[in-house]
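In what follows, a structure is listed as structure tokens, so that the remarks can point back to it.
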Amino acid sequence: MMMKYRVREVAKDLGISNKEVIDLLAQYFPEPKKYMTALESEELNIIFEHFTQKNNQKDFNAYFAQKDLPKEDAKKTEQPIEEQQAKSAKAETPVVKEQKVEKAAEQTDKKEVPAATKQQAPQPQNQNMKNEADKKLQAESKKEVPVKIEKPEAKEVKANVDTRPKKDQKPKHAPREQTQTVRPNAAPITEKVSVTTEQVQKSERRVVDTRQSNVNIDKYNEKYDQLADQKVNKPDHTVTKQKFTNRNSQRRGNQRRGRRETESERLNRIAMERKAKQITIEVPEEITVGEFALRLKVTAAEVIKKLMGLGVFASINDAIDFDTATLVAEEFHAKVEKEVIVTIEDRIIDDSEDDDSNLVTRAPIVVVMGHVDHGKTSILDAIRHANVTSGEAGGITQHIGAYRVKAGDRDITFLDTPGHAAFTTMRARGAQVTDIAVLVVAADDGIMPQTIEAINHAKAAGVSIIVAINKMDKPSANPERIKEQLTQYELIAEDWGGDTPCIPVSAHTKEGIDDLLEMITLIADMKELKANPDRAAKGTVVEARLDKSLGPIATVIVQNGTLRIGDILVAGTTVGRVRVMKNDKGERVQEAGPSVPVELTGLGEVPTGGDVFNVVTDERLARELVEQRQTVQKEEHFNAQTKVTLDNLFDQMKIGEMKELKIIVKADVQGSVEAVRQSLEKLTNEEVRVNIIHGAVGAVNESDVMLANASNAIIVGFNVRPDAVAEDNAKRDGVDMRMYRIIYDCIEEIESAMKGMLAPKFREVALGKAECREVYKISNVGVVIGSYILSGKIPRHAQIRVVRDGIIVADDKVASLRRFKDDVKEVAEGYECGICLEKFSDIKTGDILEAYEMQEYRES
Ligand code: GDP
């Protein structure tokens, strides 16, 4: 900033006449100066140079000797200044006064200046003048001067000369700022002008640090405005008028445009910077717009705008995929790299594909399924026994949940748990352990409900089916009838032109058992079952229990790799080191290869059947992984609603998760099952294929729920009810069960669910269950059902469903409800009562009366 230092002041400070200054300047500059002319730095340089030369001090010692001038001298010298001040006071503008104050303040600044330095000024006889000029110089060159004069031994006479250029380079706002800061503490002008060296030293504490970092630019600008207004007619000094903000452009008039320009400039700058220094961000497979913007260091709005440009309409919380993110990032000149999220699983579990050259043939793993009493256990025994008596070393097999037998020179592993329950449980847990299912059908009995279930379970799991037509020793055995029945379930016997092997066997006579084993090996060969024994083991827990002395014991089947003693094992949510391993013959073994079942100890907790196990290298990480899994398991338990239901069907279809709607149909008669199957399958549209994975007659049972759970299916029932276990399990596993009385209702509901228009207004609320213990036929009254309330309560207004062996035989209303001849409003659990129904009278002892009411509800 330009500080006004007028001819008059220069003359006064130097103790010379205005004319002297004007004359001097006239020698150098063509333009004549007046006594009020503010001088340019160049002009000041000339003046100072001239008078410095003129007053050159030859002997510093002599000069310092002047330091202790008698006080009277000082007073004397002060006097003229006071007079001069008084004289010039009238002529001074307020600004000039301010400068006076400034000078006063500068005097206080002298604390940094050793007393001796003040006498560096050349002319002792002109001390007043010298002091003033010196002060001014020092004030303007601020720090530099003290630094120089701290070294008086240098005795450089030209010290003052040195300071000049610096004085000029110094931004002139500094002294003014200083003035402002100091002014409140500054003493009145008259006092200050008469300040002596001693007084200056005393007032040290009043000095304010005016280093530039503290400069208040706003204040400065304000000040500048005032000054600029005053100087508005002066054509020069444009450079020195420059302010720190682009005030000039603002003053041009259009303030708004100016600001907008600045903003756009800012954005451009940021864009340029980004372009110049291309940032690289990591993006996972999917990322929300908000998170992406954060990583890009831009606002979400900018990202959303760019997305719109790409035709993607996403909000801040929507996720975009990696490719979209890459395109957007390009627009921001950022590079995108795929963020690889390395889970603990990735780190410790080797899931790499095996090279073909490492693979060797492994034994097939076989499960035996079929209807109850058709001979599953007998066949398993026969196989095992045949094997033992065939002279194999090792003796009688132990029950460890699975065993291995030899068929010729080939091994076969059998899961020793007959029936599909264990099989489906395992599958529900994600384990795909079996390769082949042996479907046992008694030749004298034929296809029964559990046979059908078994077929559907096996199909759902995608395993090969071999039919063992058992009890061939029986005279009533009719294998052809079985084969014929099988065709209804798309299982065509080989000798009927299909591809389902049907082997007639007898568990009793052992007839056909070898054929069965041979067929198993044949199918296994076709399936080319292979594994790599030279890697860390992976497999499935078949069974597990807690032994009082040995701790958790688990039977596992190794599916790939080789399991060894001492291996660190993670099984589901448990971890441990393999301590002891025993094979199916009870022998201790050191290792178990692919398809080999072993019983092992060493796990921390009892795992669950169906848990997948992995051998890992880092025990600490394994424990961490198990903890994570436990947390996830807990969370899943709380929000187990990932299963398909009619309510979420449309949503799942929309996000492309549902390509197939699997349904299990249960009805009171076979005709209904077929009718429903056909009608539902017709609902198949472009988005979703309706697949009836199982249909059967009878109540919805545990097995249906298990199948639904494992296959992510829904269950629909017609005139049937779920049994208690099925109901509990369905609730626990989140399986959607829908019971209907009319097929049309079902079709309509599923159809609207597929269209996303499912809006059931009413739902059934179960109130209680009663059992018919006695039936009284009373004339004039009708049939009174002597009932015992099993659960809940039966209210007077309730609707009653009569269920016999899982089949609904009537749907009626309570006509009267009595306890010991008294009409009552409701009867609670554990009490007996007499119930009359409005219409239904064909009640039988053992029938279950289900009380319910229909409740209207709104979808949340
Ligand atoms: P699971 O319920 O399917 O395990 O059937 P079981 O193996 O327990 O057999 C049920 C009944 O059928 C038992 O009484 C067996 O003795 C009988 N059984 C099993 N296989 C045969 C067979 O091949 N021939 C005859 N005659 N009876 C058999």
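The values are calculated or read from the model by the stated rules, or taken from the named source; none is laboratory data. Bear in mind that the values here come from a model prediction, so they are computed numbers and not experimental data. Neighbour counts are summed over all protein chains in view; Cβ atoms, including those assigned to glycine, are modelled from backbone coordinates with ideal geometry.
Only residues that are β-branched (Val, Ile, Thr) and over 12 Å from Ala468 (Cβ atoms) were counted across the range 497-522, and they come to 2.
Within the range 719-739, at least one residue is more than 20 Å from Met754 (Cβ to Cβ) and touching a Phe, Trp or Tyr at 6+ places or on another chain (Cβ under 9 Å).
Scanning for something without any contact (Cβ under 8 Å) to a residue 12 or more places away in the chain and outside any loop (DSSP other than H, G, I, E, B), does the range 40-53 turn up at least one residue? Looking for residues that are without any contact (Cβ under 8 Å) to a residue 12 or more places away in the chain and outside any loop (DSSP other than H, G, I, E, B), one finds at least one in the range 40-53, hence yes.
Going by what's in this entry, would Gly698 be described as of a type outside the set (A, V, I, L, M), closer than 23 Å to Arg804 by Cα and in contact with a helix residue (DSSP H, G or I) (Cβ under 8 Å, 6 or more places away or on another chain)? Show your work before the answer.
On the way: of a type outside the set (A, V, I, L, M): yes; closer than 23 Å to Arg804 by Cα: yes; in contact with a helix residue (DSSP H, G or I) (Cβ under 8 Å, 6 or more places away or on another chain): yes.
In short, yes.
Across the range 684-706, the qualifying residues are those that are part of a loop (DSSP other than H, G, I, E, B) and in contact with a Leu (Cβ under 9 Å, 6 or more places away or on another chain), and the one among them that is surrounded by the fewest Cβ atoms within 10 Å (Cβ to Cβ) is Thr684. Scanning the range 478-519 for residues that are surrounded by 19 or more Cβ atoms within 10 Å (Cβ to Cβ), part of a loop (DSSP other than H, G, I, E, B) and either free of Cβ contacts under 8 Å to residues at least 40 places away in the same chain or more than 10 Å from the ligand (Cβ to nearest atom) (or both) yields Leu491, Pro501, Ser506. Among the residues of the range 561-575, is any touching a Pro at 6+ places or on another chain (Cβ under 8 Å), at pLDDT 90 or above and part of a loop (DSSP other than H, G, I, E, B)? Looking through the range 561-575, at least one residue is touching a Pro at 6+ places or on another chain (Cβ under 8 Å), at pLDDT 90 or above and part of a loop (DSSP other than H, G, I, E, B).
Yes/no per residue for (1) of a type in the set (Lys, Arg); (2) within 25 Å of the chain's Cα centre (by Cα); (3) modelled with pLDDT of 85 or more:
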site	(1), (2), (3)
Tyr220	no, no, no
Asp229	no, no, no
Pro235	no, no, no
Val239	no, no, no
Asn248	no, no, no
Ser264	no, no, no
Ile270	no, no, no
Val289	no, yes, yes
Lys306	yes, yes, yes
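In the range 464-475, how many are buried (at least 23 other Cβ atoms within 10 Å of the Cβ) and either in contact (Cβ under 8 Å) with a residue 40 or more places away in the chain or more than 16 Å from the ligand (Cβ to nearest atom) (or both)? Looking only at that region, the number is 3.
Counting only residues that are closer than 20 Å to Leu790 by Cβ and surrounded by 11 or more Cβ atoms within 10 Å (Cβ to Cβ), the range 817-860 holds 26 of them.
This table checks each residue for (1) surrounded by 13 or more Cβ atoms within 10 Å (Cβ to Cβ); (2) outside any helix (DSSP H, G or I); (3) among the basic types (Lys, Arg); (4) touching a residue at least 60 places away in the same chain (Cβ under 8 Å).
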site: Val312; (1), (2), (3), (4): yes, yes, no, no
site: Asn317; (1), (2), (3), (4): no, yes, no, no
site: Glu330; (1), (2), (3), (4): no, no, no, no
site: Glu337; (1), (2), (3), (4): no, yes, no, no
site: Ile341; (1), (2), (3), (4): no, yes, no, no
site: Glu345; (1), (2), (3), (4): yes, no, no, yes
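Evaluating Glu286 against the criteria (1) over 30 Å from Ile513 (Cβ atoms); (2) within 16 Å of the ligand (Cβ to nearest atom) leaves one unmet condition, (2).
Does Ala363 satisfy the criteria of being at pLDDT 85 or above, part of a loop (DSSP other than H, G, I, E, B) and either within 44 Å of the chain's Cα centre (by Cα) or within 16 Å of the ligand (Cβ to nearest atom) (or both)? So Ala363 passes the test.
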